[in-house]
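The values are calculated or read from the model by the stated rules, or taken from the named source; none is laboratory data. Only a predicted model underlies this, so the values are computations on that prediction, with no experimental measurement involved. Quick reminder, even Gly has a Cβ in these numbers, built from the backbone with ideal geometry, and neighbours come from all protein chains shown.
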Amino acid sequence: MEITNTTKLSRAKTNNLILTKLINFFMLLSTLLIGADLWAINIGVSIRIDQFFLVISALLMLLYNKFYIRKNIHVFLFVILSGISVVFAFNITRGLIFYFSIIFNVIFLFYLYSNYVLYFGVKKILDLYRKSIFISFFVLLIQFVLMVVFKYELPFLPAYGYYGGIPRFRLWFYEPSYMAIYLMFWFGFTCYMFLIKRVKKYIYDIIICFIMILITTSTSGFIGIAFILFSVYLIWISKGINIKKASVLILLIIAFLVFRLVFSNIYDVFIARLFNSPLDSASGGRINAWTETINVFKEKPLFGVGPGNYGLYLGEEAGYVPSNITLELLATVGIFATIAFYMITVNLVIRGYKLYRLNRKKFGIIPGLLFALVVFTILLQINQGYLRLYHWMFFGIVDGAIGYYMRKYKIKNLNVRRKKYARTNC
């Protein structure tokens, strides 16, 4: 009897180990290919390879008994309010199809990553995420060398063509700017952790992200780099400036000048146009398109024209979309759902800040994640797409990190005063 119980226990441990490895493997694949727009089929909405891996990951988590739909009032509100907008949609069928994408993102991205971080830990998701960035960098370098040196393009991984005689790259993303904006979260997080929290290993990640964005030649990416570096630097010097902090600013200026000289063609084509051309022209016509979207919102302010209905409402093809994420939300799902959507971010920032103030040492990663989410959200305004899979992944990671620390340190109330928390956890 004893042998049988021991054997059963051993088998259970082996099965759990195998299941854990499978979960980690498919989560890595999901994270690595989270922006794989190119590898998809279109049936009104795109079904992509990363979505396939996400479903497998969620099923494995469910099998492991670690997948739960936990209460999140702001996510629930967005789901309900965007659902109401379907009822008022210009084309209800199109609205329903698009609404399923919203439900998919909530279940298979927000809750999948939130549960994964909650049960496997913050360190695990950061290690997995970091590994995906390094793999992406390696693949991009191969693509770059093959295209630039050997003039060979991988059939399953095509480049984005040329602009001004300069080759542009996007990996498996829809276009270079999508890839560049995706990298902003990790670039923001690692810049914050390196400069503010002094985690030295992240210098490699900063360099890698910079090179990848440089290879994309995305103007959005260059704006993002400048914005993040400027923001982190302001936070760094907010507690006082010294020779070291002043020298870093000088080094950044020198680095910019070197970039200006060494990559003068990229600078002239993709950066100088911000200063030499009208703003609308530099933005690829996006700014003038805002007027059209604002007019659509004025016509249907409460519940919009319905999820995914923007193009159809204007007599265009279904794939015709606004050029700004906030305006897209306002025009398609209305004012209430838009507020609910952004309250997801606001709520995460508030909860994260309350957690961090309880113990700045234990929860030092939290402000880095919050900073990354906020700068990503700001930079995403350059383009459209409130259902980008990686955006909902970021939601899930931050939500899971807050939940993980609350669970680990048995914190039931984030409104407890810091001194009281310190007394009960010393």
What is the number of the single condition among (1) over 28 Å from residue 218 (Cβ atoms); (2) of a type in the set (Val, Ile, Thr); (3) more than 18 Å from the chain's Cα centre (by Cα); (4) surrounded by 19 or more Cβ atoms within 10 Å (Cβ to Cβ) that residue 332 does not meet?
(1)
Which of the following residues is at pLDDT 95 or above, aliphatic (A, V, I, L, M) and not in a helix (DSSP H, G or I): 305, 349?
305
From the list 108, 98, 134, which residue is in a helix (DSSP H, G or I) and in contact with a Pro (Cβ under 9 Å, 6 or more places away or on another chain)?
98
Is it the case that residue 82 is closer than 30 Å to residue 20 by Cα, of a type in the set (S, T, N, Q) and surrounded by 15 or more Cβ atoms within 10 Å (Cβ to Cβ)?
no
Is there a residue in the stretch 147-161 that is part of a helix (DSSP H, G or I) and either under 23 Å from residue 397 (Cα atoms) or over 15 Å from the mean Cα position of the chain (by Cα) (or both)?
yes
Which of the residues spanning the stretch 207-223 are modelled with pLDDT of 95 or more and either farther than 26 Å from residue 142 by Cα or crowded, with 24+ Cβ neighbours inside 10 Å (or both)?
209, 212
Selection over the stretch 83-113 where residues are without any contact (Cβ under 8 Å) to a residue 60 or more places away in the chain and within 15 Å of residue 392 (Cβ to Cβ) yields a count of 5
For the stretch 114-121, indicate whether the set of residues that are crowded, with 22+ Cβ neighbours inside 10 Å, of a type outside the set (Asp, Glu) and more than 18 Å from residue 406 (Cα to Cα) is non-empty.
no
For residue 371: the one exception among (1) modelled with pLDDT under 95; (2) closer than 22 Å to residue 226 by Cα:
(1)
Cβ pairs under 6 Å, 6+ apart or interchain, first in the stretch 320-347 and more than 16 Å from residue 301 (Cα to Cα), second of a type in the set (Gly, Ala, Ser) and surrounded by fewer than 19 Cβ atoms within 10 Å (Cβ to Cβ), ordered by first then second residue, are 320/311; 323/289
In the stretch 165-274, which helices (runs of 4 or more DSSP H) lie fully inside it and hold 1 or more residues that are closer than 18 Å to residue 390 by Cβ?
176-195, 203-216, 219-237
Could you pull out the residue among 341, 303 that is in contact with a helix residue (DSSP H, G or I) (Cβ under 7 Å, 6 or more places away or on another chain), under 30 Å from residue 411 (Cβ atoms) and buried (at least 19 other Cβ atoms within 10 Å of the Cβ)?
341
Inspect the stretch 40-57 for any residue being buried (at least 21 other Cβ atoms within 10 Å of the Cβ), of a type in the set (A, V, I, L, M, F, W, C) and farther than 27 Å from residue 331 by Cα and give the result as yes or no.
yes
Of everything in the stretch 308-326 that's assigned to a helix (DSSP H, G or I) and under 30 Å from residue 401 (Cβ atoms), which residue is nearest to the chain's Cα centre (by Cα)?
325
Within the stretch 32-50, identify whether any single residue is of a type in the set (A, V, I, L, M, F, W, C), farther than 15 Å from residue 337 by Cα, modelled with pLDDT of 95 or more and not in a loop (DSSP other than H, G, I, E, B), and answer yes or no.
yes
Could you please find all residues in the stretch 344-381 being touching a Lys or Arg at 6+ places or on another chain (Cβ under 7 Å), over 19 Å from residue 413 (Cβ atoms) and surrounded by fewer than 19 Cβ atoms within 10 Å (Cβ to Cβ)?
364
Hits in the stretch 132-176 (condition: modelled with pLDDT of 95 or more and of a type in the set (Gly, Ala, Ser))
132, 136
State whether the residues of the stretch 150-157 include one that is under 28 Å from residue 323 (Cα atoms) and in contact with a Ser or Thr (Cβ under 9 Å, 6 or more places away or on another chain).
no
From the options 174, 204, 267, 178, residue that is surrounded by fewer than 24 Cβ atoms within 10 Å (Cβ to Cβ) and more than 22 Å from the chain's Cα centre (by Cα)
267
Determine if the stretch 57-74 includes at least one residue that is charged (D, E, K, R), touching a helix residue (DSSP H, G or I) at 6+ places or on another chain (Cβ under 6 Å) and not in a helix (DSSP H, G or I).
yes
